[in-house]
Each structure stands twice: as structure tokens, then as C-alpha cells.
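Have a look at the structure below, then the notes.
The values are calculated or read from the model by the stated rules, or taken from the named source; none is laboratory data. A quick note: this is a predicted structure, and the numbers were derived from the prediction, not measured. Glycine also receives a Cβ, built like all others from the backbone with ideal geometry; neighbour counts cover every protein chain displayed. To get the accessible areas, we keep the full protein, side chains included, count just its heavy atoms, and leave off ligands, DNA and RNA. Shrake-Rupley method; radii C 1.70, N 1.55, O 1.52, S 1.80 Å.
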Amino acid sequence: MNYLHQIKENGVVAVIRGAKPDNILPIAQALRDGGVKTLEITVETPKVLTLIEQVSSEMGNEVIVGAGTVLDSETARAVIMAGAKFVFSPTVSIETIRMTKRYGVVSIPGALTPSEILTAYENGADIIKVFPADVFGPKYLKDLKGPLPHIPLMPTGGINLDNLAEYIGAGAIAVGIGSNLVNTRKPINEVALKDLRETASLYVKAIQQARQRGTDAKNSADTLLKQS
């Protein structure tokens, strides 16, 4: 499976942070049932290596499981050995990028400035996580795409159903969504899992609609150009 292509196609990466180990699998299943098929489990989660292995084993190719908040190459190697298909970092660590690519895994480091973004990409990163995205908003992402149109950008931080379309319209190839999708501060029970499935489906629909609007706008522009 081409995991990089699948991550881009899925469009939504669910960031699971602060969840109890016993809740990870039910959360992953609810997200999958709602259509969100790319899941990031952050490494500060207790028993994270076991959990990555468990979710990967239980759900197979139905979802893409990766690790988040990976700060160094040693941790990157450990999560990859456990089955992580992508590695998210909040910062640009060249050693972490290189370790991730050494094992053929998708590298998604976090960066904010143009210099950080270019440095990460030139050192092998597949996608750049623009983080924290809500500091500057969708307009900043659009401004970045001007001089850096070839670099895939994934805004993360503060993305919700109200602003998701703006980020896609600004050039995001996907978005990372944390507590606005998976709120682990709430008790995880059947009601919460039902709500999670419904919320996940809303995000998937929002991605599809935003992309369709972009396609329609491009087609309209191309038609006008041919007629002129």
C-alpha cells in the first residue's frame, strides 16, 4: 500500500492524545466507522508501542496507524518497529526524518516558518505539518504556497468544521485534527463513541465538499480561459 498517497487521499488525520490505553482500540474503530482512516497515536500515551502494534494488527489495512509527538530518531525507530506507518513530529529533527525514511515510513515533521518548512522538505520529509496552524490561520498557508507550491502542507492545531474548508482552499493536502475530533477528556462510553462516529463522518464530508469546490472552481477558470 502507498501510505503517502492514502494519507493525502483520506484528508483527515485524527490525533489521539491523552487517551487511556483501554480506550484506544474502541476510539480507532469508531473513527474508522465514521470514515476517518488515518490515526495518529501520540507517544506519551502509556504502552504506546503495544497499542500501535495492537491497532495495526486488529484493523489491518482498514486504517493507517502512525505515531505522533516523536522527538528523536530512537523513538522513531521504536514506533516503526511496532508498526507505525508514518511519524509525526512537532519540530524539525533532521535525524528523525532520516531515520524514518531509512525504514521507508512516511515522515511528517512540524514546522512553521518558510525556512523550517524548506529545511524539512530538503532533508526528506514527505509532508510538512504546519504547526500550530491557528497562530496565523488559512491566509498564512496560502501565502506559504506561493513560493513553496511543490511542498505538501498539512495544517494542524485549531482545525475544526468551521475553518476546515478555508485550509483546504488555501492549499492544504490534508489536515490534522486533535481534540475537536477526539476529545479524550470526556468519558469514553457507547454514547461518546456514537458521537465520535458521527463527528468523524462530518469531517470526511467537509473534506470532500471542500475539495469538490476547489475542483469546480478550477474547471470554471479553465473554461473561461479557453473561451477568452
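In table form, for the structure just shown:
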| read-out | value |
| --- | --- |
| Cross-chain or 6+ apart pairs with Cβ under 7 Å, segment 66-78 first and within 16 Å of Lys47 (Cα to Cα) and open to solvent by 10 Å² or more (accessible area, probe 1.4 Å), then outside any helix (DSSP H, G or I) and of a type in the set (D, E, K, R) | Thr69/Glu44 |
| Exclusive hit being on the phi < 0 side of the Ramachandran plot, at pLDDT below 95, of a type outside the set (Phe, Trp, Tyr) and part of a loop (DSSP other than H, G, I, E, B), set Ile173, Ile188 | Ile188 |
| Candidate set from segment 170-196 (those that are within 12 Å of the chain's Cα centre (by Cα) and either small (Gly, Ala, Ser) or exposed (fewer than 14 other Cβ atoms within 10 Å of the Cβ) (or both)); member that is farthest from Val106 (Cα to Cα) | Gly178 |
| Tally of residues being surrounded by fewer than 22 Cβ atoms within 10 Å (Cβ to Cβ) and either of a type in the set (S, T, N, Q) or assigned to a loop (DSSP other than H, G, I, E, B) (or both) across segment 115-125 | 4 |
| Which numbered condition Glu95 fails, given (1) more than 26 Å from Asp134 (Cβ to Cβ); (2) open to solvent by less than 40 Å² (accessible area, probe 1.4 Å) | (2) |
| Helices (runs of 4 or more DSSP H) contained entirely in segment 12-114, each with at least 3 residues that are small (Gly, Ala, Ser) and more than 29 Å from Gly146 (Cα to Cα) | 73-82 |
| Residues (free of Cβ contacts under 8 Å to residues at least 12 places away in the same chain, over 22 Å from Ser107 (Cβ atoms) and assigned to a loop (DSSP other than H, G, I, E, B)) located in segment 137-152 | Gly146 |
| All positions within segment 10-23 that are open to solvent by 10 Å² or more (accessible area, probe 1.4 Å) and touching a Lys or Arg at 6+ places or on another chain (Cβ under 9 Å) | Asn10, Gly18, Pro21 |
| Checking Pro26 against (1) in contact with a Lys or Arg (Cβ under 7 Å, 6 or more places away or on another chain); (2) open to solvent by 10 Å² or more (accessible area, probe 1.4 Å); (3) closer than 24 Å to Leu202 by Cβ, the condition it does not meet | (1) |
| Qualifying residue in segment 2-12 (condition: under 29 Å from Ala210 (Cβ atoms) and β-branched (Val, Ile, Thr)) | yes |
| Filter result for Tyr167 (more than 18 Å from the chain's Cα centre (by Cα), among the aromatic types (Phe, Trp, Tyr) and either closer than 23 Å to Ser89 by Cα or not in a helix (DSSP H, G or I) (or both)) | no |
| Thr156, sole failed condition from (1) in contact (Cβ under 8 Å) with a residue 60 or more places away in the chain; (2) polar (S, T, N, Q); (3) open to solvent by 30 Å² or more (accessible area, probe 1.4 Å) | (3) |
| Some residue of segment 197-216 being open to solvent by less than 20 Å² (accessible area, probe 1.4 Å) and either more than 29 Å from Tyr121 (Cβ to Cβ) or in contact with an Asp or Glu (Cβ under 6 Å, 6 or more places away or on another chain) (or both) | yes |
| Within segment 97-146, considering residues that are hydroxyl-bearing (Ser, Thr, Tyr) and touching a strand residue (DSSP E or B) at 6+ places or on another chain (Cβ under 7 Å), the one farthest from Glu44 (Cα to Cα) | Tyr121 |
